[in-house]
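The values are calculated or read from the model by the stated rules, or taken from the named source; none is laboratory data. Being a predicted model, the structure only gives us computed values, none of them experimental. Cβ atoms come from the backbone with ideal geometry, glycine included; neighbour counts cover every protein chain shown. Ligands, DNA and RNA are stripped out before the accessible areas are found, and what is left, the full protein with its side chains, is counted by its heavy atoms. Shrake-Rupley method; radii C 1.70, N 1.55, O 1.52, S 1.80 Å.
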Amino acid sequence: KQALKSLDIDFIKTVTMEASTKKRQRNEDDLEPSKKQSTSTTANQLQDIPTTEHYQVSYMHRSTVTHACTSLRHGYVVTGSVDGVVKFWKRVPVTNGANGGGGVGAVAPSAPGSDAAGGLAARCIEFVKSYSSHVGPLLNLSISQPTGDSAVSIGWDGVIKFYDVATFDVSGMIRTVAPEKAAKNQAGKNIGKKYFRLGRHAALVEKEDLYLLVSTRAPTREEWQWEQRERELTQQRNEEEEDGPRPVPVSNGGGISVQTNHDNVIDNMVAPGSILLFSGTNLSFDPLKVITYHASPVTALAYNATQQLVVSGDVNGVLEVWSPFSGTKEDSAVPYESKLDTDLYALIKKKSYAIDIAVSELGSFAVYSSDRKIRLFSFKNCKLVCIYDERLKVYDQMLHKSGGGAAFMGMDAIEYGKRAALEREMDDAYLLSGGVIHRPSSNKKQSNMAFSTLTSTSEGTHHQCLHLSFDNSGKFLLLPTVVGIKVINIQSHRVIVTVGKGDASAIRFLHVCLCPGDAKMDQQLQLARKGGSSAAISHSSGDDSEIPPNDSLLIAIAYGKRRFYSFSHHDPLDNTKGEPDEQTILARDILNEPPDASDLLEASHLGRGNDDPNSVNAPLTTATHAVLRTTHGDIRIKLFSKETPKTIQNFIGHAQSGYYDNVIFHRIIPGFMIQTGDPLGDGTGGESIWGGEFEDEIRRELRHDRPFTVSMANAGPNTNGSQFFITTVPTPWLDNKHTVFGRVIGGMEVVMAIEGVKTDDLDRPLDEVKILSVDVS
């Protein structure tokens, strides 16, 4: 088979729905840039989109970054992290003629007293201000449409904060009350008030006043159980009233029953799936309107500022197009007479639902659905235009056709396998759930019940979400994928370029935010940075004919990362200028926050020049999770790479080399543990990746104090090899004897199923239970 040619344009499985019902056929020429298209035409089309293979600079938060947005009018980028912190960043101006090149993406020359070349001036973005806005996770961070003068953050704590982007200051706040907290408050307060739980989908709309549309989320399992108890108590009290005089309720000291408040809260709860309309002007905690187009929790929402319509989707696959100001003079008519004339039921037919929606200025909107397909609709008639297929199945087929060679998008089969494993881990982290998961119930009334995948203590990756975006012209769709950020021309349905594909092997981009060029720069802020010299902020060198370079940026968030990544038209690792040195690579990642162990390890081991992963001097791993794929199912393990780096290096080395593949669980003791890792299968074999044994890494904070602890098996102190075990009960007598290097966070039922396998007198299972493979990330 002939290998596919080098791919600058990646494959998209496309279905054209308007002209024909047949699938769009692509030949090999469709996989390459059109040779007939001139270079100048392509450059003009993409002048506001950075097309580099590597990011220019990255900045840190203290926790996992979950949100990013930008204001074109004021040139600010706003980012948020899972710990409720919101940060403002200012665009740094660019100029032509810098660095001796004067090309697109050149940075401003250094002024006296500023950082040298490659320092502050070369970073294209700089920190301005930080707010600890919320106690707990951040649910949403949005910029107002269409002007970008305001921003809003919504937290798990029920607080909504508004910001004036021009002054990067807090302009107002709304504090809502969750039903559970309201029930605990003194009875008699807030009678008639609506109670709800704020969701993660919102839009900030600027008209004469400022309005906020925000979804309500589904309850967690614990919150749902609380609601059921309260309803049962309410029903019981109502039955007692029918049977006879109601017992005198316990007074709270003010002569009003606490039970009355509970009744009021339950009766006035807003159903999940409702969308709330708040005023950002009067800041009332009571919504102006409760919009009930959806009967189930909302999983995606976007506002079309041009047509003043909202597109939203719920967990049942329902898509709705509606006006948030219906019944007023600002009401906008929907673009169809009957929904049956549209393709808005397409997701229901495929038993899928929307997890993100993006709106184009050209009158289209794209829906990223839970089946990893992106459906492009026309706003004119809400008809389906085409489908882009991003399922792993498509990439598997392409890899098979290419023969597994390196020509497959710059990846070989091993590299693709690593990325595919990360995609499966993303599924485990509910990134394709829209924040909602179905829980089947034996009760028919509860069969369609949905619960929130998020809690106040969820891991940072659970609060991240996939987000696609259109460019400012509305012609190009920016889609984060397994191979990088694809830039798709929605008129020709072709991938024009893949941004960040050089970094895609180590970073899985999830969320993209385009910052078009020619953003306004704060002159006073520039003067302060340049020591008061007005010449330092000039965009030209006095030549009026000189055209300033495009300063557009692409901000991206990656899976499980504390950083956000900024792409510009300058590629610091451009190999056409020679192989980049270690200092150039390290300079991209700014340590603006205290680094953790993984940051330090990555920096200290970069450029060692040792390609042997089993060497003592090999780079220590920064992997944090592993998935044991067994004959009974998958077991997901959180690894303690910071606390036990050498043990994790040994485990990951064996996992990546296939050492654990087809190794059996050779020892199973019910009510104690399951043990594996011996290639001989009898408990006498196995060695470390360095050969022989290695020392313990006992940590006081890592103990055998709970079930599902992952620990190293040994024959005494400092005799660790390859064998490890998973406990099924607390085993404190093993403390200070065995190295704890992980905890099971998923697939507990698989561990218990393995524990239940029948064994002989020597605790050997009668039926083999194997590890098929181990994926790490």
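Could you look through segment 495-512, keep only residues that are open to solvent by less than 10 Å² (accessible area, probe 1.4 Å) and closer than 28 Å to residue 379 by Cβ, and pick out the one that is nearest to the chain's Cα centre (by Cα)?
The selected residue is 510.
Considering only segment 263-282, state which residues are open to solvent by less than 10 Å² (accessible area, probe 1.4 Å) and in a loop (DSSP other than H, G, I, E, B).
273, 274
If a residue must be modelled with pLDDT of 90 or more and part of a loop (DSSP other than H, G, I, E, B), how many such residues does segment 70-115 contain?
3
Can you pull out every residue in segment 445-460 that is in contact with a Gly (Cβ under 8 Å, 6 or more places away or on another chain) and at pLDDT 85 or above? Explain how you work it out, then say what you get.
Residues of segment 445-460 that are in contact with a Gly (Cβ under 8 Å, 6 or more places away or on another chain), as a first pass: 452-454, 456, 460.
Passing the criteria: only 452.
Here's the yes/no breakdown for (1) open to solvent by 20 Å² or more (accessible area, probe 1.4 Å); (2) not hydroxyl-bearing (Ser, Thr, Tyr); (3) not in a loop (DSSP other than H, G, I, E, B):
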residue	(1), (2), (3)
691	yes, yes, no
696	yes, yes, no
705	yes, yes, no
714	yes, yes, no
726	no, yes, yes
730	yes, yes, no
733	yes, yes, yes
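Could you list, in sequence order, all residues of segment 335-373 that are among the hydroxyl-bearing types (Ser, Thr, Tyr), part of a strand (DSSP E or B) and open to solvent by less than 10 Å² (accessible area, probe 1.4 Å)? Spell out how you get there, then give the answer.
Going through segment 335-373, the residues among the hydroxyl-bearing types (Ser, Thr, Tyr) turn out to be 336, 338, 342, 345, 352-353, 360, 364, 368-370.
Filter once more, keeping what is part of a strand (DSSP E or B): 364, 368-369.
If the condition is that a residue be among the hydroxyl-bearing types (Ser, Thr, Tyr), part of a strand (DSSP E or B) and open to solvent by less than 10 Å² (accessible area, probe 1.4 Å), then 368, 369 are the ones that fit.
Mind listing whichever residues of segment 735-745 are under 34 Å from the mean Cα position of the chain (by Cα) and either part of a loop (DSSP other than H, G, I, E, B) or within 15 Å of residue 674 (Cα to Cα) (or both)? Don't jump to the end; show me each part of the working.
If we filter segment 735-745 for residues that are under 34 Å from the mean Cα position of the chain (by Cα), which is where we start, we get 739-745.
Within segment 735-745, 739, 740, 742, 743, 744 meet the criteria.
Residue pairs, Cβ under 7 Å, 6 or more apart or interchain, first in segment 122-147 and without any contact (Cβ under 8 Å) to a residue 40 or more places away in the chain and part of a loop (DSSP other than H, G, I, E, B), second open to solvent by 20 Å² or more (accessible area, probe 1.4 Å) and not polar (S, T, N, Q). List them.
none
With respect to residue 492, is the statement that it is surrounded by fewer than 22 Cβ atoms within 10 Å (Cβ to Cβ) and more than 30 Å from residue 134 (Cα to Cα) true?
Numbers: surrounded by fewer than 22 Cβ atoms within 10 Å (Cβ to Cβ): yes; more than 30 Å from residue 134 (Cα to Cα): yes.
Criteria met by residue 492.
Conditions (1) among the aromatic types (Phe, Trp, Tyr); (2) out of contact with any His (no Cβ under 6 Å at 6 or more places or on another chain); (3) without any contact (Cβ under 8 Å) to a residue 12 or more places away in the chain; (4) closer than 30 Å to residue 463 by Cβ, marked per residue:
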| position | (1), (2), (3), (4) |
| --- | --- |
| 344 | no, yes, no, yes |
| 353 | yes, yes, no, yes |
| 361 | no, yes, no, yes |
| 365 | yes, yes, no, yes |
| 376 | no, yes, no, yes |
| 388 | yes, yes, no, yes |
| 399 | no, yes, no, no |
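Residue 478 is checked against (1) out of contact with any helix residue (DSSP H, G or I) (no Cβ under 7 Å at 6 or more places or on another chain); (2) of a type in the set (A, V, I, L, M); (3) at pLDDT below 95; (4) surrounded by fewer than 24 Cβ atoms within 10 Å (Cβ to Cβ) and fails just one. What number does that condition carry?
Of everything listed in (1) out of contact with any helix residue (DSSP H, G or I) (no Cβ under 7 Å at 6 or more places or on another chain); (2) of a type in the set (A, V, I, L, M); (3) at pLDDT below 95; (4) surrounded by fewer than 24 Cβ atoms within 10 Å (Cβ to Cβ), residue 478 misses just condition (3).
Which of (1) in contact (Cβ under 8 Å) with a residue 40 or more places away in the chain; (2) open to solvent by 20 Å² or more (accessible area, probe 1.4 Å) does residue 737 not meet, given it meets every other one?
Among (1) in contact (Cβ under 8 Å) with a residue 40 or more places away in the chain; (2) open to solvent by 20 Å² or more (accessible area, probe 1.4 Å), residue 737 violates only (1).
Hey, does segment 170-190 have a residue that's at pLDDT 90 or above, under 19 Å from residue 74 (Cα atoms), of a type outside the set (Ser, Thr, Tyr) and touching a strand residue (DSSP E or B) at 6+ places or on another chain (Cβ under 9 Å)? I'd like the intermediate steps shown before the answer.
If we filter segment 170-190 for residues that are at pLDDT 90 or above, which is where we start, we get 170-175.
Still in the list and also under 19 Å from residue 74 (Cα atoms): 170-171.
Filter again for of a type outside the set (Ser, Thr, Tyr), leaving 170.
Still in the list and also touching a strand residue (DSSP E or B) at 6+ places or on another chain (Cβ under 9 Å): 170.
The answer is yes, given that some residue of segment 170-190 is at pLDDT 90 or above, under 19 Å from residue 74 (Cα atoms), of a type outside the set (Ser, Thr, Tyr) and touching a strand residue (DSSP E or B) at 6+ places or on another chain (Cβ under 9 Å).
Restricting to segment 403-419, name every residue that is open to solvent by 80 Å² or more (accessible area, probe 1.4 Å) and modelled with pLDDT of 80 or more. Break it down into steps so the answer makes sense when it comes.
Of segment 403-419, the ones open to solvent by 80 Å² or more (accessible area, probe 1.4 Å) are 414, 418.
Listed by number, the list holds a single entry, 418.
Among the residues of segment 298-334, count how many are closer than 28 Å to residue 391 by Cβ and assigned to a loop (DSSP other than H, G, I, E, B).
Of the residues in segment 298-334, 4 are closer than 28 Å to residue 391 by Cβ and assigned to a loop (DSSP other than H, G, I, E, B).
Consider residue 285 against the criteria (1) open to solvent by 70 Å² or more (accessible area, probe 1.4 Å); (2) at pLDDT 90 or above; (3) aromatic (Phe, Trp, Tyr): it satisfies all of them except one. Which criterion is unmet?
In the conditions (1) open to solvent by 70 Å² or more (accessible area, probe 1.4 Å); (2) at pLDDT 90 or above; (3) aromatic (Phe, Trp, Tyr), residue 285 misses (2) alone.
Where residues in segment 385-402 are in a strand (DSSP E or B) and either open to solvent by 10 Å² or more (accessible area, probe 1.4 Å) or of a type in the set (Gly, Ala, Ser) (or both), which of them is nearest to residue 422 (Cα to Cα)?
Going through segment 385-402, the residues in a strand (DSSP E or B) turn out to be 385-389.
Keeping just the survivors that are either open to solvent by 10 Å² or more (accessible area, probe 1.4 Å) or of a type in the set (Gly, Ala, Ser) (or both) gives 385, 387.
Values: 385: 30, 387: 24 Å.
Checking each candidate, the answer is 387.
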